[in-house]
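K.L.:
Before I ask anything, let me first share the structure, which is written out below as structure tokens.
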Amino acid sequence: MTVIENSAGRTGSRLGLILVACCTGQFMVVLDASIVNVALRPIQDSLGFAPSTLQWVINAYTVVFAGFLLLGGRLADLFGRRRVFAIGLALFTLASLVAGLAFDPATLLIARALQGLGGAVLAPATLTVLFTSFTDPAGKAKAFGTWSAVAAGGGAVGALLGGVVTEWLSWRWIFLVNGPIGVVLMVLVLTAVPESRNDQADRRIDTIGAVAVTGGLMAVVYGIVSANDDGWGAATTVVSLLAGVALLVFFVLNEAKFARQPLVPLSIFRNRSVSAANIVSFTTSAALVGVLFLFTLLMQFVYGYDSLTTGLAYLPLSLAIVVVARGVAPRLITKLGPKPVLVAGSVLSLAGLLWLSVISGDGGFVGDLLGPSVLFGAGQGLVSATVTMAGTAKVPYTQAGLVSGLLNASRQVGGALWLGIMAAVVASFAHSLVPGADIAGYHRAFLIAAVFPVIGILAGLAVPAVSPEALAAAKNSWSAKKSAQSAEGDAATT
């Protein structure tokens, strides 16, 4: 039996508070992966980072976050989604305060790793709480659209907020601001979010599987980010990648043959919705990260923008993602179902990247980047708002945290892997990435990135169609099931 506490009196305003809590938590997690970029120079000057270790202000967060996502999703299912949400938020908030008060490089890097751990616990919980709280198809589509807009737009907004905070206050405030926000959010979580868990699940953790997948993901991401400095043929890079792949292969064998309570039951991937949605999540994140990376280079090296102006130039892309994911996508999903919206989003993303691959380079932001920014952002908004519904459409809510963790892991690993590869691609034609040089290198990079929405289109076509009638039937099934559970809960307490 799945126990859901305090569900009987849930009103529209209560659901609104749940949505605010989940989106705020996700925004904090996504923002801290990107907001630091524009503050690296002030951090280096303040704490005395060596150039070779400065990148780990970003990577310490990314590597740990990617490594622990699957475990975080499983914990939410087994031990209570609100409880795990609160624990992840508390760890993330405390680590942010330590990072803001750091007095040397080691302290900051440890704090950033702890932020990543807190984020890995927090992020899957935000999605699974939405999944178990919203049963109405239209409401669920709108909630997922809002959450997805925050997840997709947070990375782009981070550049703007990082520039503003660093310019007007101090780099320390990009971390310290999480303190008051985290306290207010904790109160909201404890008062508005109902507890839910799988009461009959075996709460033993697949420790071997957790160590293998966490170590494997961390080793692979570590190897890729190390390649940016040491090269792909360096011993550190090769050993890290081989160790990571070996651990991930062992993880699959362990889950298939040895684990009594698998961290990731491989049978979940027999669900075509889950498999296809994870591919789309991976490719969507890779395409977005690639565009953000190349946009930054274009605006700073070709157009000569400073950090603040670069952040402002991201606004059209960010607004397109948010407006489409929050306003347009939910209505399309409830009318057409997730599949056509998912495919249409990948098509728009592909069109935006193809447009970027032929820009002239002398038209400035308005002439070169504004149009494809809006087109690509609209496509990303459609995909990001739809992929969660596509992935969870036929999944029991007892596995909501598992699927949430998988989708988050696909998103994070896709972005991290492609960022490392993109950096190597850029380095191969660095002569075209200096002020006033030929833009042919950017054309090549955007064409390479266009491969991802093509894969996304193919994966989207593999998603089983879910009609509006099926969404309505799911609503009735969920409502009946929750009413029965509420009655059981009331009987158990009398």
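K.L.:
Among the listed residues Ile333, Ile268, Ile359, which satisfies the condition of being in contact with a Leu (Cβ under 9 Å, 6 or more places away or on another chain) and part of a loop (DSSP other than H, G, I, E, B)?
P.N.:
Being in contact with a Leu (Cβ under 9 Å, 6 or more places away or on another chain) and part of a loop (DSSP other than H, G, I, E, B) holds for just one of Ile333, Ile268, Ile359, which is Ile359.
K.L.:
Looking at the range 196-248, which of the residues that are acidic (Asp, Glu) and modelled with pLDDT under 70 is surrounded by the fewest Cβ atoms within 10 Å (Cβ to Cβ)?
P.N.:
Asp202
K.L.:
A further question follows. Restricting the range 165-175 to residues that are buried (at least 18 other Cβ atoms within 10 Å of the Cβ) and assigned to a helix (DSSP H, G or I), which is modelled with the highest pLDDT?
P.N.:
So, considering only residues that are buried (at least 18 other Cβ atoms within 10 Å of the Cβ) and assigned to a helix (DSSP H, G or I), the one modelled with the highest pLDDT is Phe175.
K.L.:
I'd like to check something: does the range 312-329 contain any residue that is in contact (Cβ under 8 Å) with a residue 12 or more places away in the chain, in contact with a helix residue (DSSP H, G or I) (Cβ under 7 Å, 6 or more places away or on another chain), of a type in the set (S, T, N, Q) and assigned to a helix (DSSP H, G or I)?
P.N.:
yes
K.L.:
Modelled with pLDDT under 75 and out of contact with any His (no Cβ under 7 Å at 6 or more places or on another chain): is that true of Val264 in this structure?
P.N.:
It is true that Val264 is modelled with pLDDT under 75 and out of contact with any His (no Cβ under 7 Å at 6 or more places or on another chain).
K.L.:
Then there's this: Could we say that Gly290 is part of a helix (DSSP H, G or I) and surrounded by 21 or more Cβ atoms within 10 Å (Cβ to Cβ) here?
P.N.:
So Gly290 passes the test.
K.L.:
Could you count how many residues in the range 249-283 are surrounded by 19 or more Cβ atoms within 10 Å (Cβ to Cβ), within 15 Å of Gly391 (Cβ to Cβ) and either of a type in the set (D, E, K, R) or touching an Asp or Glu at 6+ places or on another chain (Cβ under 9 Å) (or both)?
P.N.:
The total comes to 1.
K.L.:
While we're on this one: Run down Ala427, Ala423, Ala390, Ala351 and say which single residue is part of a helix (DSSP H, G or I) and modelled with pLDDT of 85 or more.
P.N.:
One residue alone meets the criteria, Ala351.
K.L.:
Listed residues Leu406, Leu382, Leu402, Leu370; which is at pLDDT 85 or above and farther than 25 Å from Thr309 by Cβ?
P.N.:
Leu382
K.L.:
Cβ contacts < 6 Å: first residue within 20 Å of Val289 (Cβ to Cβ), restricted to the range 350-374; second residue among the acidic types (Asp, Glu), any location; separation 6+ or different chain. Result?
P.N.:
Hits for this filter: Ile359/Asp368.
K.L.:
Please pick out the residue among Val358, Val274 that is under 30 Å from Leu69 (Cα atoms) and modelled with pLDDT of 80 or more.
P.N.:
The conditions single out Val274.
K.L.:
I've got another one for you. Residue by residue through the range 50-106, note down the ones that are aliphatic (A, V, I, L, M), assigned to a helix (DSSP H, G or I) and modelled with pLDDT of 80 or more.
P.N.:
Scanning the range 50-106 gives Val84, Ala86, Ile87, Leu89, Ala90, Leu91, Leu94, Ala95, Leu97, Val98, Ala99, Ala106.
K.L.:
With the structure loaded, tell me whether Leu161 is modelled with pLDDT of 70 or more, assigned to a helix (DSSP H, G or I), more than 16 Å from the chain's Cα centre (by Cα) and within 24 Å of Ala86 (Cβ to Cβ) or whether it fails that test.
P.N.:
Criteria not met by Leu161.
K.L.:
On to the next question. Within the range 118-126, is there a residue that is surrounded by fewer than 23 Cβ atoms within 10 Å (Cβ to Cβ) and part of a helix (DSSP H, G or I)?
P.N.:
Within the range 118-126 (the criterion being surrounded by fewer than 23 Cβ atoms within 10 Å (Cβ to Cβ) and part of a helix (DSSP H, G or I)), the answer is no, since none of the residues qualifies.
K.L.:
May I ask you to verify whether Ile35 is at pLDDT 70 or above, of a type in the set (Val, Ile, Thr) and either surrounded by 18 or more Cβ atoms within 10 Å (Cβ to Cβ) or in contact with a Cys (Cβ under 7 Å, 6 or more places away or on another chain) (or both)?
P.N.:
So Ile35 fits the description; yes.
K.L.:
Looking at this structure, is Ile18 in contact with a helix residue (DSSP H, G or I) (Cβ under 9 Å, 6 or more places away or on another chain) and over 28 Å from Val193 (Cα atoms)?
P.N.:
Considered against the rule, which asks whether it is in contact with a helix residue (DSSP H, G or I) (Cβ under 9 Å, 6 or more places away or on another chain) and over 28 Å from Val193 (Cα atoms), Ile18 comes out as no.
K.L.:
Is at least one residue of the range 376-387 assigned to a helix (DSSP H, G or I), free of Cβ contacts under 8 Å to residues at least 24 places away in the same chain and farther than 16 Å from Ala449 by Cβ?
P.N.:
no
The values are calculated or read from the model by the stated rules, or taken from the named source; none is laboratory data. Keep in mind that this is a model prediction, so the values were computed, not measured. Neighbour counts run over all protein chains shown; Cβ positions are idealised from the backbone, glycine included.
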